[in-house]
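The values are calculated or read from the model by the stated rules, or taken from the named source; none is laboratory data. Owing to the predicted nature of the structure, the values given are computational and were not obtained by experimental measurement. We place every Cβ from the backbone using ideal geometry, glycine too, and count neighbours over all the protein chains shown. To get the accessible areas, we keep the full protein, side chains included, count just its heavy atoms, and leave off ligands, DNA and RNA. Shrake-Rupley method; radii C 1.70, N 1.55, O 1.52, S 1.80 Å.
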Amino acid sequence: IISGIPGIGKTTLSRMLVYYLLSQGYDEFVGLHSIDDAVQKLSSNKKQVFFYDDFLGSSYLSNNEHRFDKKLISFIEKIKRTEDKIFILSTREYILADAMLKYEIFSLKQLELSKCILDLSHYSESIRAEILYNHLAVAQLPIEYVKAMVIGRRYLHIIKHKNFSPRIIEAYLNKKSHHELP
């Protein structure tokens with residue numbers, strides 16, 4: 001389980017793990033929308049990577065699948081008994097905390113032991129700079145904007161800002177608000 005705040009990179013990290021595993025000999029990537037879907041796509045003769053993004057809901061705890069908690073634990077147990085399957089799940093940390101309270105079985109089965117929390121406070125300035133660079137590289141900004149950010153070292157104000165957020169950078173660049181500037 002990869003968890004963290006919105007925009008921290010949970011889905012990106014999960015996709016990178018999937019790409020890595022496929023490069024290491026896994027045969028099949030299985031993107032999931034439900035646990036029933038996972039059970040149907042489980043194949044005994046393939047090395048599979050399962051990925052369930054926002055498995056508990058995207059903004060709040062909202063998985064309405066019948067007996068979701070028991071099905072999830074059962075599927076996790078099946079995956080743990082095989083050597084050729086990997087199950088990657090992503091969720092927001094506050095939603096996972098709500099689920100731990102709602103579904104007693106999550107605590108009993110020690111779901112927390114297999115969790116990775118992405119914490120922005122642990123990102124170094126160089127990692128923040130790489131995140132900013134990656135967003136700028138695909139944003140198709142006018143070159144004079146990029147030069148102004150580099151020449152004036154204005155990028156340091158962004159990567160050192162106490163409220164640095166990849167999601168805010170992405171939202172601003174996707175909105176193309178820079179086209180409205182004089």
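A few remarks follow.
- For Asp84 and Ser23, the difference between the fully extended length at 0.36 nm per residue and the C-alpha to C-alpha distance is 20.6 nm.
- Solvent-free Debye calculation, one equal scatterer per alpha-carbon of the stretch 12-112: log10 I(q)/I(0) at 0.10, 0.16 Å⁻¹ equals -0.27, -0.70.
- Carbon/sulfur fraction of accessible area - the chain, other protein chains in place, 1.4 Å, %: 55
- Computed from Cα positions, the angle between helix 125-139 and the longest principal axis of the chain comes to roughly 80 degrees.
- Electrostatic dipole magnitude of the chain [Cβ: Lys, Arg +1; Asp, Glu -1; Cα centre; debye, to 20]: 260
- With the charge dipole of the stretch 77-148 set up from +1 on Lys and Arg Cβ and -1 on Asp and Glu Cβ about the Cα centre, the Cα lying farthest toward the positive end among the listed residues Ile143, Tyr103, Tyr123 is that of Tyr103.
- Here the simple spin-label model places points 7 Å from the Cα toward Cβ, and for Asp36 and Glu130 these points are separated by 4.1 nm.
- Neighbourhood net charge (10 Å Cβ-Cβ; Lys/Arg +1, Asp/Glu -1) for Lys46: 0
- Axis angle, to the nearest 10 degrees, between helix 93-102 and the longest C-alpha principal axis of the chain: 30 degrees.
- The length gained on full extension between Arg15 and Val138, counted as 0.36 nm times the residue separation minus their Cα-Cα distance, comes to 42.5 nm.
- For Cα Rg over 2.2 N^0.38 Å, the value computed from the atomic coordinates appears in the list (i) 1.97; (ii) 1.69; (iii) 1.23 under label (iii).
- Average Cα contact separation per residue, the chain, under 8 Å, 6 or more apart, as relative contact order %: 27
- Net length available on complete extension from Ser59 to Ala148 is 28.4 nm, with 0.36 nm assigned per residue and the Cα-Cα distance removed.
- Members of Lys10/Lys70; Lys102/Lys160; Lys41/Lys80; Lys41/Lys70; Lys80/Lys162; Lys115/Lys162 lying beyond 28 Å, as alpha-carbon distances in this model show: Lys102/Lys160; Lys80/Lys162
- Think of a 1.4 Å ball rolled over the protein heavy atoms: the chain then has 63 Å² of accessible area per residue.
- Computed on protein heavy atoms with a 1.4 Å probe, the accessible areas place Asp69, Asp36 in the order Asp36, Asp69, largest first.
- Per-residue ellipticity at 222 nm, computed for the chain from helices alone with -39500 (n - 2.57) per DSSP H run of at least four residues, works out to -14000 deg cm²/dmol.
- Column: log10 I(q)/I(0), Debye, Cα scatterers of the stretch 72-126, q = 0.13, 0.14 Å⁻¹: -0.43, -0.49
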